[in-house]
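Please treat every number below as a calculation from the coordinates, not as lab data. Remember, predicted model here, so these are calculated numbers, not experimental data. All Cβ positions, glycine included, derive from the backbone under ideal geometry; neighbour counts span all protein chains shown.
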Amino acid sequence: MTDLVSSLNPMQRAAVELPAQNALILAGAGSGKTRVLTTRIAWLIAQGYASPYEILAVTFTNKAAKEMRARLETMLTVDISRMWVGTFHGIAHKFLRLHAADAGLPKTFQIIDQSDQLSLIKRLMKEANMNAEKDDPKVIQSMINDLKERGLRSSVITAQDAPGTMAGFYRFYEQRCQRDGLVDFAELLLRSVELFENNAIVRDHYTERFRFILVDEFQDTNALQYRWIKALANPREAKNSVFCVGDDDQSIYAFRGARVGNMQDFVKDYGVRSIVKLEQNYRSTSHILDAANAVISNNKDRLGKNLWTDRGAGERIRIYEADDDRQEARSLTQEILIAKRDGAKWGDFAVLYRNNAQSRVIEQYLTANSVPYRIYGGLRFFDRQEVKDVTAYLRVMVSPDDTSVLRVINHPPRGIGATSVARITDAAKERALSIWETISDWNDPNVTIGRVKGFIECIEAMREACAGMNLAQTVRTVVEMSGLKAYYEAQKDKDIRLENLTELENAAQGYYTENDLEEDADAFAVVEGGEMSPIEGFLAQAVLEADDKNEGEGLDVVQLMTVHASKGLEFPVVFLCGLEQGLFPHAPRNGEDADKAESEERRLMYVAMTRAKKKLRISWCGQRHLWGNIQWGEPSMFLAEIPEKDWVEGRPKKSEQPGSSLGYRSSFSGGYSGSGKSFSGAKDSSFRASPAQSSSGWRQGAVGKASDYLKESGGRSSGAHQKKSLGASSLWGLKPGDRVVHKKFGQGEILSIANPESQDEAQARVKFSIGVKELLLVFANLQKIS
DNA sequence: GGCTCTTTCGTTTTT
DNA sequence: CGAAAGAGCC
């Protein structure tokens, strides 16, 4: 199987061919990390060192797990369909399903996601007469999750771990989850750790089985996940080889519990002798890499890595100071349009920003100029109301927990109003029963008994009807019998709702097919091996694999996302926006360790920069619209950390000669005439936030009107040299009040023209029947009509 | 039960 | 400023 490794570089090959021992692979951005991980597995199998049965591969996201499996399938002829490749949570879930009784869980336990957990907490807080004003449910939620991540049960916490009413509430929450068979994300991990720690037979079985454990994105593991690994692979027993791949420089999730320190701990705890560094980068050109290396070198306590490439210097990074966020948006829109005109694809571009709010202005400009784009992250399919409704019904059918019952008891409306529900919950509390138990034995004359009975009968009828049905049929039946279909048909937004319900049926069909269930499989029947009925499996998948983010991944559209969301992706051209002190790096909260926060922000910067393959454009704004005000910003400290040799100032240079054909590359290659490199002075103090400033790094100012702004000529970095000898009227011939025709938007009227004297920046506000659009005249191709 | 008004809050987020 | 959640009203 030499062909498996022959195309690897020496370090990759060294990693893949390590003997069976604990190892840490430091894999830099774009260094072929996934390739090494999958080739390692394939190599172990091909060499006969391991059978697929003996391998456990753990990732963070479902996407990574899927990709790994897909790649393995192309590399190997052995059947790996039963190999354990999955996320921490997915695999923990599998353990718990297989050993529910040993883990102290009911067979039909259900997983709840973050938002389910939050609404449960809110409801329990009401039940415990806690006021949401004094105790923020979100704070309580994160405290509970934090305690679980530290492995602490309510029975063992101290007053310091849980101040005030916290300890009591945590206990209440635990009890209620236990009673209703609910398992939150942290619980999946903690339960399986406890299962292994308390049950030697189960633990030994898996410890001996999984001789090779491989962990991806190790820098993102939290304390509990590390403990989980240790529970499976005890370093003292040394029965397993743990192969961890990660990059401490790309650890950007400390805020949600990730512990980079796990990498050093792993080396120590597992006596790791083999640390392999993958530093050859196959993604970016060297100006980009050198700059990223230089920035990250300002962090302390790194394991130490320096990316290099043999792909040549490439183009310098361009750093652009925009007057404000609108100009930033306009500028990148313009560059995209010009590049597209010159042959680039929409999909070549990614726009990255620190926070989601920044996307708005950018979207406005892209939309106004008909640039197709897609925003990563947003409402996920299984988070949609109508989809949650159906899954709640399915849950009630399988195991009627309070949350699900309360969600659907009067939805669609069946005359069980707030008052009745309050009586029911009160009675349940009084009798210490679940809602379902309470209503199953209901005798309060103040609540219309027929309606409650009707609900129970509806659920029972659905159970009966679905017995013997497969999953997709079951979903369809539930959608109809619950009344959800009729209900949503009557809604004004029925099209999307019904479409989503159909989509859910398709998902059920897909699950059914994917899991190769027999044609006549009953959705309620337990599936051999998985110990889960198709419904339970489907529900678990809905919670654990809710990401439909890869949907539309291959689309040829501009990609907009936060820097966090960009991790692991790459793009030919990257626009990195909003490099202002206080925004990126984000100003630390008070109470937060400022140095730690800065280091994490710098890693985030490193991640952002290393997404770019060929062109990296960084911009910052002197002014930014924030919460209805204008804020003055200063350039991010990270800009001053980029070596002078690797960047150039400026933004897309307009065509010098109107009408000449513009090579994409040549049109942007230079800086601006007469503009010196102002960042060369940034290394001392001039670009750092001044001490007098507020901690956020922002100063507030008066509100300005955008329309005023747009009328100004190009802004300082474009400046005087943009002035053409031709006046506005002779350049475009258009003025406010003119009637024009646009290819897509039809007839319209010019409201105003911004930058009329500029060839490339002249922009018209035009009122079309579909609304007002801002169009760059170079591209809009407006035809004047009389 | 659903609409509208008011209040609140504002970093990043997978499972 | 604008989204979202909660309260209050019909």
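General remarks:
- Separation between Cα centres of the range A:428-479 and the range A:187-255, rounded to whole Å: 41 Å
- Globularity ratio of the range A:290-387, using Cα Rg and 2.2 N^0.38 Å: 1.43
- Charging the Cβ of each Asp and Glu at -1 and of each Lys and Arg at +1, and nothing else, the dipole of the range A:416-536 about its Cα centre rounds to 920 debye.
- Packing around the peptides A:367-378, A:580-591, taken as the average count of other Cβ atoms within 10 Å per residue, puts them in this order, highest first: A:580-591, A:367-378.
- Overall dimensions of the range A:142-182 as given by Cα atoms, namely Rg and Dmax in Å: 9.8, 29
- Estimated [θ] at 222 nm from DSSP helical runs (n ≥ 4, -39500 (n - 2.57)) normalised by residues in chain A, nearest 500: -12500 deg cm²/dmol
- Per residue, the convex hull spanned by the Cα atoms of the range A:375-484 measures out at 119 cubic angstrom.
- Beta bridges per DSSP with both ends in chain A, % antiparallel, nearest 5: 40 percent
- Over 22 Å (Cα to Cα) - which of A:K63/A:K596; A:K567/A:K613; A:K66/A:K107; A:K613/A:K773; A:K613/A:K744; A:K300/A:K613 fall in this group: A:K63/A:K596; A:K66/A:K107; A:K613/A:K773; A:K613/A:K744; A:K300/A:K613
- Average projection area in nm² (convex hull over Cα atoms of the range A:384-428, one quarter of hull surface): 3.2 nm²
- Here the convex hull built on the C-alpha positions of chain A has a volume of 195 cubic angstrom per residue.
- From most to least packed by mean Cβ count within 10 Å, the peptides A:82-89, A:32-39 give A:32-39, A:82-89.
- Net dipole in debye of chain A [+1 Lys, Arg Cβ; -1 Asp, Glu Cβ; about Cα centre; nearest 20]: 2420 debye
- Helix A:137-149 vs. chain A, principal-axis angle (Cα, 0 to 90°, nearest 10): 70 degrees
- Once you divide the Cα radius of gyration of the range A:249-346 by 2.2 N^0.38 Å, the number left is 1.53.
- Taking Cα centre as origin and charging only the Cβ of basic (Lys, Arg, +1) and acidic (Asp, Glu, -1) residues, the dipole magnitude of the range A:15-142 rounds to 200 debye.
- Ordered by the number of other Cβ atoms lying within 10 Å of each residue's own Cβ, fewest first, A:C466, A:C621 fall into the sequence A:C466, A:C621.
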